[in-house]
Amino acid sequence: MAERKAFLLRIDPAVLEALQRWADDDLRSLNSQCEYVLRRALLDAGRLKEKPPPKPK
């Protein structure tokens with residue numbers, strides 16, 4: 001599993017509530033939803049290359 005790094009995030013309460021509702025709708029944790037949204041934004045902006053799918057064993 002990839003290494004994860006923790007960091008403190010200061011966020012507007014309304015944005016946090018909206019993210020939590022979205023996470024609940026998608027059956028994700030708030031942390032996973034934040035990572036999903038950030039990853040999609042980075043991919044859309046061309047700032048992150050998609051990882052290739054894992055090779056079957």
Evaluate region 41-49: report whether one residue or more is in contact with a Phe, Trp or Tyr (Cβ under 9 Å, 6 or more places away or on another chain) and surrounded by 11 or more Cβ atoms within 10 Å (Cβ to Cβ). no
When residues of region 1-30 are filtered for being closer than 20 Å to residue 51 by Cβ and either exposed (fewer than 12 other Cβ atoms within 10 Å of the Cβ) or touching a Lys or Arg at 6+ places or on another chain (Cβ under 6 Å) (or both), how many remain? 5
Tabulated pairs, region 4-28, first assigned to a helix (DSSP H, G or I) and at pLDDT 95 or above, second of a type in the set (Lys, Arg) and surrounded by 11 or more Cβ atoms within 10 Å (Cβ to Cβ), C-beta under 9 angstrom, 6+ apart or interchain: 22/28
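The values are calculated or read from the model by the stated rules, or taken from the named source; none is laboratory data. Keep in mind the model is a prediction, meaning the values are calculated, not measured. Note that each Cβ is placed from the backbone with ideal geometry, even for glycine, and that neighbours are counted across all protein chains shown.
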